[in-house]
Amino acid sequence: MARPDGHRKRMTRRRRGLGLALVSLAGTCAALVAVPQASASFVPGGLVSAHYVIRDAPRGGLTGIGFPVTVIHRPDAAGQYWAQQFSFTDGHGGYIGMASKGGGQAKFSVFGKGFTTHDARCRKGADLGSGVSCNINHPIATGVTYRLDVTRGARGSWQGWIVDTSTGRRTEIGQWTAPAGTGLLRPSGSGFAEYYLPVSSCASLPYAQVRFGAPRTLGAEGGTGCFNSAYAYGRCKGAATSSGRPVNDGVDITTGR
């Protein structure tokens, strides 16, 4: 999803852990949460990041990951974006997510040179850089759990899917082909919530709430995952309420007021 704030900048901020505040829980998975956030007339961009890990994953990587996402509350207008980042064993990465624009959209992008597509739902380029971006209109209903799937296809191709778990309907977002040597999916990454339209101040961010469920593998490798940390970051870290709360190895994320 091409936005002026830029995916790679968001990834850099998250990796540096700005405003990171973790609270350990019993067991393998930890969770965090609560961190406040600044203001001005600008695009807020990233608001909350949540890190996931899939346990017992094979060392060589995974052939598919499914990410359950439930929108608990969203404003009618566009601006909200909820996504899960993934990366390959060679370091390339992308994200798959849902946006509140219109009745709803689903997006599937990858970053870097050498990725190609012949899919009409996709285009060359990702967040003002090289890569491929795929996009479809898809209804996003509150209270319904959708699973965002990243799966390996034939001859180096990868597909993005959105699955309505209430009906079982599976809709392909798009597909692209990775260059040789890209490898398989790493068993860890981060989900994020962002607001990509201008606001007059951080205090004017519309209220939204989403639940990221525990990710799971989709291939024969097996393995379950959990979110083990969450933190607020970005321009609105100090003004609007953005927090993550652990729920059954997943995390609830609230943004705005």
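No value in this document is a laboratory result; all are computed from the given coordinates. This one's a predicted model, so the numbers in the text were calculated from it and none came from an experiment. Using ideal geometry, Cβ is built from the backbone for each residue, glycine included, and neighbour counts are taken over all protein chains shown.
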Inset, instruction - Sort 56-68, 103-115 for me by packing, meaning the mean count of neighbouring Cβ atoms within 10 Å per residue, highest on top. - result: 103-115, 56-68
Legend entry - Stretchable slack from SER204 to HIS118, in nm (0.36 nm times residue separation minus alpha-carbon distance): 26.9 nm
Inset, instruction - Could you sort 137-150, 182-195 so that the peptide with the highest average Cβ count within 10 Å comes first and the rest follow in order? - result: 182-195, 137-150
Inset, instruction - Please work out the FRET efficiency for the pair SER166 and ILE72, using the Cβ-Cβ distance as r and a Förster radius of 22 Å; give the result to the nearest 0.05. - result: 0.90
Legend entry - ³J(HN,Hα) computed for each position of the range 64-78 - Karplus, 6.51 cos²θ - 1.76 cosθ + 1.60, integer Hz, glycine/proline x: x, 9, x, 10, x, 9, 10, 7, 8, 8, 8, x, 6, 7, 6
Legend entry - For THR224, residues with placed amide H under 5 Å, excluding near neighbours: ARG55
Legend entry - Backbone HN-Hα couplings from phi across the range 244-257 [Karplus 6.51/-1.76/1.60, Hz, Gly and Pro as x]: x, 9, x, 9, 6, 6, x, 8, 8, 10, 10, 10, x, 9
Legend entry - Table column - 3J(HN,Hα) (Hz), the range 99-108, Karplus curve with 6.51, -1.76, 1.60, x for Gly and Pro: 10, 8, 4, x, x, x, 9, 10, 9, 8
